[in-house]
Amino acid sequence: MLARALSWLVLLLVTQLAEATEPYASTYSVRSHADTLVVNVSVLTGTGEQLNGVDVLVSEGRIAAVGSDLSGDPAMRIDGSGKWLTPGVIDVHSHLGAYPSPVLSSTRDGNEMTDPNTANVWVEHSVWPQDPQFGLALAGGVTTMQILPGSANLFGGRGVTLKNVPSRTVGGMKYPGAPQSLKMACGENPKRIYGEQSKAPATRMGNVAGYRAAWAKARAYRDQQQAFDSGKSDKAPDRDLRLDTLVKVLEGEILVHNHCYRADEMATMIEVAKEFDYKITAFHHAVESYKIADLLAEAGICSAMWADWWGFKLEAFDGIPQNIALVDQASACAIVHSDSAEGIQRLNQEAAKAMTAARRVGMSVSAAQAMVWITQNAANALGIGEATGSIEVGKAADLVIWDRHPFSVYARAEKVFIDGYLYYDRLDPTRQPARDFDLDQTVSEEAR
Amino acid sequence: MNPLISIGLLLTVGSAFADVAVIGGRIFTMESPEPIERATLLIANGRVQAIGVDLDVPFEYRQIDARGKVVTPGLIESYSQFGLMEIGGEAATVDSQVVEYPLGPGFDVSFGINPSSTLFAVTRMGGVTRAVVAPQPGVDPLAGFGAIVHLGGGDIVTATRVGLFGGIGATTAEFTGGSRSALWQRLVTAFAKAGRFSANRYRPGERDYSRQDMQALKDFLRADVPLVLSINRAHDIAAAIRLAELHDLQLVIIGGKEAWKVREQLADSGVSVVVNVFNNLPSNFESLGARLDNAALLNDAGVNVLFTAGNTHNTKNLRHQAGNAVAHGMPWFDALAAMTRNAARTWGMDDVGVLSVGSVADVVVWSGDPLEVTSWAEHVLINGEPVPMRSRQTRLYERYKDLKTDDAPYGYN
């Protein structure tokens, strides 16, 4: 365990050093904090287990020990009796900062709806760190988010994983070492947006032709670059920012997060990935994943889903509240996501509703297992599952103390730690961040 | 016809309308904050016949075991588009809004409510039994008249013209040239003119209300139903209170993100507010005061608070609005009353929203605390009839719950 923790630490340092020299690198650093011991607390570990009445020690940004009667004299000691400790909540599908509040034409920066392929755009270049919604999500226990571009395009651009910390720059929020993602979109949105302009794609078959043409180009671009690098060719290809992104997917550096509702379309996307030899990390929204949960398990693709959204568009008409549990039951990776600045504040309740819908029909789902849907599975889909997402020794101390069982509608996040630092305390107004936009204007400081 | 078969048919018909006994539950009648423990509810002819402890249950009554369960009146959604919207993104299935044809206050949603909508079965399984069906603001700040439905199928519209709906805000202001002031002027002028409207003398200009609209406004001013306005900014809510007082109208505010700022005025004027608890985003310069404890603050000041799920497809989550209001300071019983007794009273339903002798038997038996995210509705009765726990969603679940069935080719289960 210790070796694993150390190796992670080394990896983190190496990536940080490497990144520091690169443009757009993360400038986030772990804030120093006092050693913290939470005693006699109930824990949902994020690995599918529940521990009752244990102590958890946090030191230097990490979980240092989990056990009973932990000794030591930490600077901060928190009585956890009657409270619950969980990993920080992770939302794999958010647009905070890119679609901030207030929602105005001048703030809508999430969807570059100018071409069906905008793999060249990076959503981090839209993220407004002063979005007051970040603070609201923090009060809901969210420590990490993937911000994605919108779904108008076949290739929407690069997504970014952020830590939910106040910062003047997006770089100060970027999760060190987390891979970027490529947002792709199936179905109604691309064909509607471009079809209405009498441009391709206007149909679902047009969508697929668009993906295939782009991947074919990306492979040719990669081959030209490799030929140049190995001296077989004396002409390097002209740099193409779209193809740069796609090639990084082919090379496994960038993870594909694919907006896709219908089962048949997800199956088609699995074929596209097969044809061009890339990996789909997760289908997002995925309201019909329950229809092909076996295929998703076999392909090792996560589904990021809502607990119960349905019917707002035809491709969401077959959404059922057992979707998440059925995917989980099939041993496929199930994640609860929000795609909503309101929903992100209550992902614990969303997981609870999905668990309850399953229990209602007689499926057996424990709270400990349902917690995995908003923690470890989410971390895995973001490529940071070794670093965060569960309460295990050596992992980042991204933690939430809830005032009661987090799957109660009455539960509220009381304290939220990111890398061990107390970024939010419901009981202490001085530990509740305000964005610039909040100052003397919103009620954030008085009523989280 | 074979006499045996005809008797069988009679029995079948008879059992479908059987009287019901809900036995042994913790019953919240909503007439008092205290429940009646281990109580029995007898239902005959669609209404509550008796309620109490140790009641004799007539043998022919269908029995529902509610021991260890919570029993409440069916829940009432105070702002929805049931029967007017099947697929939000498909205009051909949306009838809640007049988009181009200039129809303002004359619009009446009740003609277009589709009782076969899939949303009804999904929602009633979640314990919601009645709903206000409202038009959405279209080309005019006055959107038209709403109706009330029950979710039990068949002849579902129980009342029409239950309120005149509209909206004041950045979105509706676009229809009056982009200014909120112009919007208010249009409304104030329309109400002033409607009082002395005469169809023969009225000569509408190009952007004036039609005769049909003016007649509807005039009728509204004489009817005893509320003006229902979607408003978020505190200053606009205060202006709406003044307009309502000028014309002696009941006022209901939908949304009211900043209503807490004028809660004393709202309480003094007897204005009701339909709150979407989750709306705490400063998503516009007219809602920078949005907060999670809006409902609690309003309720504490004596304002009549009601709830909306804010999303017709997921109206089954209405009770979680109430639960979250409680998490942020609203008393539990008040939050339940906001979806039952108080909603019924506000919308002119005298005999629903409570469980008392003679009231309509909309009843829900819950597996636990009805406000919780871990409970569910085990039995739902509408007009005294148990509704089937079946919907398109349950059919899809049954079809796909076990992907390994090889008994029949795909598509035959």
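Computed from the coordinates by the stated procedures, all read-outs in this text should not be read as laboratory data. Here the structure is a predicted model, which is why all the values come from computation and not from measurement. Here the Cβ is made from the backbone with ideal geometry for all residues, glycine too, and neighbour counts use every protein chain on show.
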Distance between the range B:93-150 and the range B:196-255 - C-alpha centres, whole angstrom: 19 Å
Applying a 10 Å radius around every beta-carbon, put B:26-38, A:280-292 in order of their mean neighbour count, most first. A:280-292, B:26-38
Taking 8 Å as the Cα distance limit and 6 or more residues as the minimum spacing, I'd like the relative contact order of chain B as a percentage. 18 percent
DSSP-defined beta bridges in the protein assembly as shown - what % are antiparallel, rounded to 5: 55 percent
Might you report the magnitude of the Cβ-based charge dipole of the range B:75-350 about its Cα centre, with Lys and Arg at +1 and Asp and Glu at -1, to the nearest 20 debye? 320 debye
Can you find, among B:F220, A:T245, A:M371, the residue farthest towards the positive end of the dipole of the protein assembly as shown? Put +1 on the C-beta of Lys and Arg, -1 on that of Asp and Glu. B:F220
I need to check one value: relative contact order of the range B:46-122, counting alpha carbon pairs closer than 8 Å and at least 6 residues apart, in percent. 27 percent
So what's the range A:82-232 giving for Cα Rg divided by 2.2 N^0.38 Å, two decimals? 1.23
Say we join alpha carbon atoms closer than 10 Å with springs in a Gaussian network model of chain B; which of B:F333, B:F175, B:F59 then has the biggest fluctuation? B:F59
So which lysines can A:K291 reach, going by Cα to Cα under 26 Å and dropping same-chain residues fewer than 8 places off? A:K183, A:K191, A:K274, A:K279, A:K313, A:K353, B:K316, B:K401, B:K404
Which of the peptides A:239-248, A:156-165, B:374-383 is most tightly packed, and how do the rest follow, judged by the mean count of other Cβ atoms within 10 Å per residue? A:156-165, B:374-383, A:239-248
Treating only the Cβ of Lys, Arg, Asp and Glu as charged (+1, +1, -1, -1), what charge dipole size does the protein assembly as shown show about its Cα centre? Round to the nearest 20 debye. 1140 debye
Give me, ordered by chain and number, the residues 5 or more places off B:G163 or on other chains with an amide H under 5 Å from its own placed amide H. B:G146
In whole Hz, what ³J(HN,Hα) sequence does the range B:320-333 give by Karplus (6.51, -1.76, 1.60; θ = phi - 60°), x for Gly and Pro? 6, 4, 4, x, 6, 5, 5, 4, 10, x, 7, x, 4, 5
Only four residue types carry charge here, +1 at the Cβ of Lys and Arg and -1 at the Cβ of Asp and Glu. Report the dipole size of chain A about the Cα centre in Debye, rounded to the nearest 20. 560 debye
Sorting check: for B:335-346, B:234-245, A:185-196, which peptide has the highest mean count of neighbouring beta carbons within 10 Å, and how do the rest follow? B:335-346, A:185-196, B:234-245
For A:K235, counting only lysines whose alpha-carbon sits under 29 Å away and dropping same-chain residues fewer than eight positions off, the answer is A:K217, A:K248
If I take R0 = 45 Å and measure r between the Cβ atoms of A:A297 and A:S105 in this structure, what FRET efficiency does the formula 1/(1 + (r/R0)^6) give, to the nearest 0.05? 0.55
From other protein chains only, count the Cβ atoms within 10 Å of every residue's Cβ in B:323-334, then give the mean. 2
Using only Cα atoms, what Kirkwood radius does the range A:338-396 have, in angstroms? 12.5 Å
Using a Debye calculation, one point per C-alpha and no hydration shell, please list log10 I(q)/I(0) for the range A:292-448 at q = 0.09, 0.10, 0.19 Å⁻¹ in order. -0.35, -0.43, -1.27
Among A:I78, A:T45, A:G88, flag the residue with its Cα farthest along the positive direction of the charge dipole of the range A:30-91, charges on Cβ as +1 for Lys/Arg and -1 for Asp/Glu. A:G88
Mean other chain Cβ within 10 Å across B:284-293 is 5
Label zone at B:E37 (point 7 Å along Cα-to-Cβ), backbone N below 18 Å, the range B:67-100: B:67-72
Tell me which DSSP H helices of chain A clear both cut-offs, 24 Å or more of axial length from alpha-carbon atoms and a mean Kyte-Doolittle hydropathy of at least 0.0. A:2-20
Mean ellipticity per residue at 222 nm, deg cm²/dmol - from DSSP H runs of n ≥ 4 across the protein assembly as shown, formula -39500 (n - 2.57): -8000 deg cm²/dmol
Residue-wise, which Karplus ³J(HN,Hα) couplings in Hz belong to the range A:251-260, taking 6.51 cos²θ - 1.76 cosθ + 1.60, θ = phi - 60°, and x for glycine or proline? 8, x, 7, 10, 9, 8, 10, 10, 5, 7
Mean projection of the alpha-carbon convex hull of the protein assembly as shown over all orientations, in nm²? 42.3 nm²
Largest-first semi-axes in Å of the equivalent ellipsoid built from the Cα gyration tensor of chain A are 36, 25, 22
Under 5 Å, built H, 5+ apart or other chain: amide partners of A:I78: A:L37, A:V38, A:V39
Rounded to a whole number, the mean other protein chain Cβ count within 10 angstrom for residues of A:312-321 is 6
Aspartates and glutamates with Cα under 17 Å of B:K69, excluding same-chain neighbours fewer than 8 positions away: B:E34, B:E37, B:D54, B:D362, B:D369, B:E372, B:E378
Over the range B:75-350, with a single point scatterer placed on each C-alpha, what log10 of the ratio I(q)/I(0) does the Debye formula yield at q = 0.09, 0.14, 0.15 1/Å? -0.38, -0.96, -1.11
Most mobile listed residue (A:I90, A:I344, A:I320) in chain A, GNM with C-alpha springs under 10 Å: A:I320
Going toward the positive end of the dipole of the protein assembly as shown, with +1 on Lys and Arg Cβ and -1 on Asp and Glu Cβ, which of A:M173, B:V387, A:A25 do you reach last? B:V387
